[in-house]
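J.: There's a structure below that I have some questions on.
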Amino acid sequence: MSSSALYDVPGPKAAARHLLYGILSTVALLAVVGWVVWKLFDTDQFTYQKWMPFEYQGVQELLLRGLGNTLKAFALTALLALPFGALFAAGRLSDHRVVRWFATLVVEFFRAMPLLVMIFFIFVAMQVQPFWALVAGLTLYNGSVLAEVFRAGVLAVPKGQREAAFALGLRKTQVMAYVLVPQANRAMLPSIISQLVVALKDTSLGFLITYEEFLHAGKLIATNLDYDLPFIPVVMVIAPVYIGMCLLLSWLARWVEQRGRRSPKVKGGAPIAKAGVSMGLPPEAQ
Amino acid sequence: MKVLTDNFSTFWDGFLGTLELTAVSAVLALLLGVLMAGFRVSPVKPLRTVGTAWVTVLRNTPLTLLFFAVLLGLPRFGISLPFFTFAVIALGCYTSAFVCEVLRSGINTVPVGQGEAARSLGMTFGQTLNLVVLPQAFRSVVAPMGSVMIALAKNTAIAGSFSVVELLGTYRTLNELGYSILWTFVWIAVGYLVITLAISAVFNLMERRLAVSR
């Protein structure tokens with residue numbers, strides 16, 4: 001924070017003041033945490049009966065199966081969305097007007113629609129199985145966002161690279177495959193992984209169309225009268241798993257980004273690094 | 001076409017519900033997002049930690065899980081509010097994490113010299129932030145803020161599945177009445193497109209009007 005526009009390195013007086021603010025905010029924070037914990041005890045969230053289900057093997061297997069289903073949907077989505085994105089990015093960069101318009105229309109439409117509306121449409125109107133409805137919706141949405149990421153990556157490669165490749169006598173396809181795409185991929189890898197985090201988060205939408213994923217398993221346990229409706233314990237068990245999985249992927253994205261930045265090759269090509277930064281923002285808050 | 005004309009009031013209620021949910025959640029998200037961005041750039045370490053934790057946790061939580069925790073969990077926790085309020089809490093908190101990150105990247109675009117000039121005039125941290133840095137930061141992040149708001153509008157669809165009156169939720173009513181599902185979805189899609197296109201138009205206009213020339 002040393003290069004911040006907002007404050008200097010504090011002197012003794014400011015440091016003392018900051019310490020006071022720090023103590024006050026810590027006390028306020030502890031008060032909030034204390035209130036929450038008290039409230040948890042007060043509403044009997046830690047009774048044996050509410051935590052008992054997690055001891056049963058059947059319940060553990062139910063949760064594991066749900067987690068497996070979540071990961072299955074995620075893996076298939078990633079496998080399908082990446083080629084979809086590549087295909088439509090190529091379509092949007094095509095020299096043929098009809099192809100370009102078609103690709104633009106598809107990408108813009110699927111980005112503008114709420115993902116859940118698409119999933120429900122495929123599930124309800126087209127009568128598709130929950131698993132395939134979820135995967136199809138996720139693929140269409142994330143594939144379209146990835147298409148934009150790929151396109152931005154290719155456009156961010158310095159113009160001279162393309163011109164040089166054409167000057168060497170390479171064909172259009174060769175310029176794309178040997179010169180532009182490898183560089184674009186490298187610059188866009190962090191954004192691609194970030195988009196996969198979004199896809200992983202959105203697999204939980206399967207819960208709303210009765211796909212038996214992790215959250216669905218949680219709801220089955222939480223609504224069980226025998227265990228005294230353990231909604232809060234279920235959230236306390238499920239949330240860390242979801243957040244942990246997404247955090248791992250986010251960290252991977254950041255690690256890849258830093259690794260790319262450290263490389264002398266990328267340092268030479270400033271425009272690539274710049275494109276990475278502008279796409280470094282969360283592309284969609286979905 | 002008949003689906004729309006016969007059930008215009010159902011669609012209209014859903015449309016208004018989505019608009020209302022988007023608007024109220026946006027206000028909450030902006031307030032919380034500005035607060036958290038302030039925390040994240042403040043010189044006080046515990047506040048920075050709170051801001052970082054808030055953003056990290058909420059950005060990596062699936063929104064469906066958050067809805068599950070807030071709409072189904074909080075009542076068991078002894079807090080009972082109308083479903084609409086719960087939905088606003090879930091959407092507002094979730095979106096605030098993205099608002100915070102967008103704002104923080106905007107704060108980073110303000111040249112260091114601006115802050116130095118403010119300090120040399122004797123401004124405090126709060127004054128520097130409120131009078132010099134934030135106004136410029138807001139104006140330089142209009143475009144990404146627009147995409148956050150569009151995402152918020154699209155995310156309201158999840159509230160419909162948790163029985164809040166909302167545009168996507170209308171399909172259930174009409175489905176029971178036996179109308180063509182295909183056309184119902186076409187009109188729902190049109191409704192969402194109108195909302196997202198309107199938001200994007202407003203933000204485009206703001207971007208042109210408010211751009212900071214440096």
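Residue-by-condition table, conditions (1) under 17 Å from B:Ile195 (Cβ atoms); (2) out of contact with any Cys (no Cβ under 9 Å at 6 or more places or on another chain); (3) in contact (Cβ under 8 Å) with a residue 12 or more places away in the chain:
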| site | (1), (2), (3) |
| --- | --- |
| A:Gly91 | no, yes, yes |
| A:Ser94 | no, yes, no |
| A:Val98 | no, yes, no |
| A:Phe102 | no, yes, no |
| A:Val106 | no, yes, yes |
| A:Arg111 | yes, yes, yes |
| A:Met118 | yes, yes, yes |
| A:Phe123 | no, yes, yes |
| A:Phe131 | no, yes, yes |
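J.: State yes or no: is B:Ser147 facing another protein chain (nearest Cβ under 8 Å), modelled with pLDDT of 90 or more and more than 14 Å from B:Arg104 (Cα to Cα)? Full working, then the answer.
T.: Working: facing another protein chain (nearest Cβ under 8 Å): yes; modelled with pLDDT of 90 or more: yes; more than 14 Å from B:Arg104 (Cα to Cα): yes.
Taking the combined requirement at face value, the residue satisfies it.
J.: Select from segment B:160-178 the residues that are open to solvent by less than 10 Å² (accessible area, probe 1.4 Å) and among the acidic types (Asp, Glu) and list them in ascending order.
T.: B:Glu166
J.: Given the criterion within 14 Å of chain B (Cβ to nearest Cβ) and open to solvent by less than 30 Å² (accessible area, probe 1.4 Å), identify the matching residue among A:Gly22, A:Gly85. I'd like the intermediate steps shown before the answer.
T.: Numbers: A:Gly85 fails: within 14 Å of chain B (Cβ to nearest Cβ).
Sole residue among the options that is within 14 Å of chain B (Cβ to nearest Cβ) and open to solvent by less than 30 Å² (accessible area, probe 1.4 Å): A:Gly22.
J.: Separate question: Would you say A:Phe46 is aromatic (Phe, Trp, Tyr) and either closer than 30 Å to B:Ala157 by Cα or assigned to a helix (DSSP H, G or I) (or both)?
T.: Values: aromatic (Phe, Trp, Tyr): yes; either closer than 30 Å to B:Ala157 by Cα or assigned to a helix (DSSP H, G or I) (or both): no.
Spelling it out, it is not the case that A:Phe46 is aromatic (Phe, Trp, Tyr) and either closer than 30 Å to B:Ala157 by Cα or assigned to a helix (DSSP H, G or I) (or both).
J.: Please go through segment B:39-57 and give me each residue that is open to solvent by less than 20 Å² (accessible area, probe 1.4 Å) and either among the small types (Gly, Ala, Ser) or part of a helix (DSSP H, G or I) (or both), ordered by number. Reasoning before the result, please.
T.: Going residue by residue through segment B:39-57, those that are open to solvent by less than 20 Å² (accessible area, probe 1.4 Å) are B:41-42, B:44, B:51, B:55.
Across segment B:39-57, the qualifying residues are B:Val41, B:Ser42, B:Gly51, B:Val55.
J.: On the basis of being facing chain A (nearest Cβ under 10 Å), open to solvent by less than 10 Å² (accessible area, probe 1.4 Å), among the small types (Gly, Ala, Ser) and within 28 Å of B:Phe162 (Cα to Cα), does B:Gly73 make the cut?
T.: Details: facing chain A (nearest Cβ under 10 Å): yes; open to solvent by less than 10 Å² (accessible area, probe 1.4 Å): yes; among the small types (Gly, Ala, Ser): yes; within 28 Å of B:Phe162 (Cα to Cα): yes.
Taking the combined requirement at face value, the residue satisfies it.
J.: Quick check on this structure: which one of B:Thr49, B:Thr61, B:Thr56 is closer than 28 Å to A:Ser25 by Cα, among the hydroxyl-bearing types (Ser, Thr, Tyr), within 10 Å of another protein chain (Cβ to nearest Cβ) and more than 20 Å from the chain's Cα centre (by Cα)?
T.: Values: B:Thr61 fails: more than 20 Å from the chain's Cα centre (by Cα); B:Thr56 fails: more than 20 Å from the chain's Cα centre (by Cα).
Result: B:Thr49 is the single residue among B:Thr49, B:Thr61, B:Thr56 that is closer than 28 Å to A:Ser25 by Cα, among the hydroxyl-bearing types (Ser, Thr, Tyr), within 10 Å of another protein chain (Cβ to nearest Cβ) and more than 20 Å from the chain's Cα centre (by Cα).
J.: Same structure again: On the basis of being of a type in the set (A, V, I, L, M), modelled with pLDDT of 90 or more and open to solvent by less than 30 Å² (accessible area, probe 1.4 Å), does A:Leu168 make the cut? Working first, answer last.
T.: Numbers: of a type in the set (A, V, I, L, M): yes; modelled with pLDDT of 90 or more: yes; open to solvent by less than 30 Å² (accessible area, probe 1.4 Å): no.
Judged against the criteria, A:Leu168 is not a match.
J.: Residues of segment A:191-201 being crowded, with 23+ Cβ neighbours inside 10 Å and more than 8 Å from the chain's Cα centre (by Cα), which ones?
T.: A:Ser191, the sole residue that qualifies.
J.: Only residues that are in a helix (DSSP H, G or I) and within 7 Å of chain A (Cβ to nearest Cβ): list them for segment B:89-116, please. Lay out the reasoning, then the answer.
T.: The initial filter retains those residues of segment B:89-116 that are in a helix (DSSP H, G or I), namely B:89-109, B:112-116.
Within segment B:89-116, B:Thr95, B:Phe98, B:Glu101, B:Val102, B:Ser105, B:Val112, B:Gln114, B:Gly115 qualify.
The values are calculated or read from the model by the stated rules, or taken from the named source; none is laboratory data. Note that the structure is predicted; figures quoted are calculated from it, not measured. Counting neighbours? That spans all protein chains shown, and the Cβs are built from the backbone with ideal geometry, glycine included. In case anyone asks, the SASA skips ligands and DNA or RNA and just uses the protein heavy atoms, side chains included. Shrake-Rupley method; radii C 1.70, N 1.55, O 1.52, S 1.80 Å.
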